[in-house]
Amino acid sequence: MINKSRGIYLFNLMGFRVSADWSWLIVAVLMTISLGSGYYSAVFGSDPSLGTFAFGLISTLMLFFSVLLHEVGHSVVARANGIRIIGIRLFIFGGVAQMDREPQSPGVEFKVTIAGPAVSAALAVFFYLLSDSILSATSPAIRGVTQLLAQANLIMVIFNMIPGFPMDGGRILRSIVWKLRGNYLGATRIATRTGKIVAFGFMGLGALIALSGQTIDGIWLAFIGAFLYNAAQSSYMYAQYSESQGRGAG
């Protein structure tokens, strides 16, 4: 479902209004602290310091810029296919391109959806090549940053391709079923059910991890599962409404 809440305005990029939810700011602070006190302390082989936290902040900003470029990929292809983009919103789980309507055909949905993971895959390759370059070989800090960004973008591709509607993988699944069956709402129903199964999988895995002693990681996974379940349900309700309105054709 399209969230038209405007959030905290950040800037405009390629004609798209970029905003952030308060949850994004909280995650940015926590990620900076985590990277500075853990990952970059290991990279530099030292205790946490102003320098390690500075690299933590730089990496956090670059990670979120990678998320933003993922959403720009969706947005550019959507705009090229006549779909107006209300804005790009960053929030606790990443980002979302806020479209004013759903794609009008399975082909358009597939193209709009696959554009995001394609951008992330390209970024993963780009940062991997940088991490293997002469410049990175002479600087542990640069190597640490580029390796982190390469891994993060690869994880973004893998995670987004999980068929948990309304994630990218779930939308690709819907576009395929829609193409094969010729029924938008029926395809959405199948993708939603699959998304709920994925959501229950996350919640179950989170519970097992929490019981094994990794409480924070387990709670986080369960929280993601609950979010996906609610998102799948809301997206299906929006699809029903959109279908009744002719999916905003025009």
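The values are calculated or read from the model by the stated rules, or taken from the named source; none is laboratory data. Keep in mind that this is a model prediction, so the values were computed, not measured. Quick reminder, even Gly has a Cβ in these numbers, built from the backbone with ideal geometry, and neighbours come from all protein chains shown. Accessible surface areas use protein heavy atoms only, side chains included; no ligands, DNA or RNA. Shrake-Rupley method; radii C 1.70, N 1.55, O 1.52, S 1.80 Å.
Assorted remarks:
- Count - residues of the stretch 76-111 that are under 23 Å from ALA187 (Cβ atoms) and under 16 Å from the mean Cα position of the chain (by Cα): 4
- The stretch 174-190: number of residues that are open to solvent by 40 Å² or more (accessible area, probe 1.4 Å) and closer than 22 Å to ALA115 by Cα: 3
- Some residue of the stretch 43-50 being open to solvent by less than 60 Å² (accessible area, probe 1.4 Å), over 30 Å from VAL76 (Cβ atoms), assigned to a loop (DSSP other than H, G, I, E, B) and not hydrophobic (A, V, I, L, M, F, W, C): yes
- So ALA54, is it over 29 Å from ALA118 (Cβ atoms) and open to solvent by 50 Å² or more (accessible area, probe 1.4 Å): no
- Among residues that are among the small types (Gly, Ala, Ser) and under 25 Å from PHE55 (Cβ atoms), ALA118 is not included.
- Residue selected from the stretch 25-44 under the condition free of Cβ contacts under 8 Å to residues at least 24 places away in the same chain and within 15 Å of GLY144 (Cα to Cα), by the criterion nearest to the chain's Cα centre (by Cα): SER34
- Which listed residue is part of a helix (DSSP H, G or I), surrounded by fewer than 20 Cβ atoms within 10 Å (Cβ to Cβ) and modelled with pLDDT of 90 or more, from ARG193, ARG171, ARG247: ARG193
- Contact map, the stretch 143-166: residues that are under 20 Å from LEU228 (Cβ atoms) paired with residues that are outside any helix (DSSP H, G or I) and open to solvent by less than 30 Å² (accessible area, probe 1.4 Å), Cβ distance under 6 Å, separation 6+ or inter-chain. Pairs shown: ASN160/MET167.
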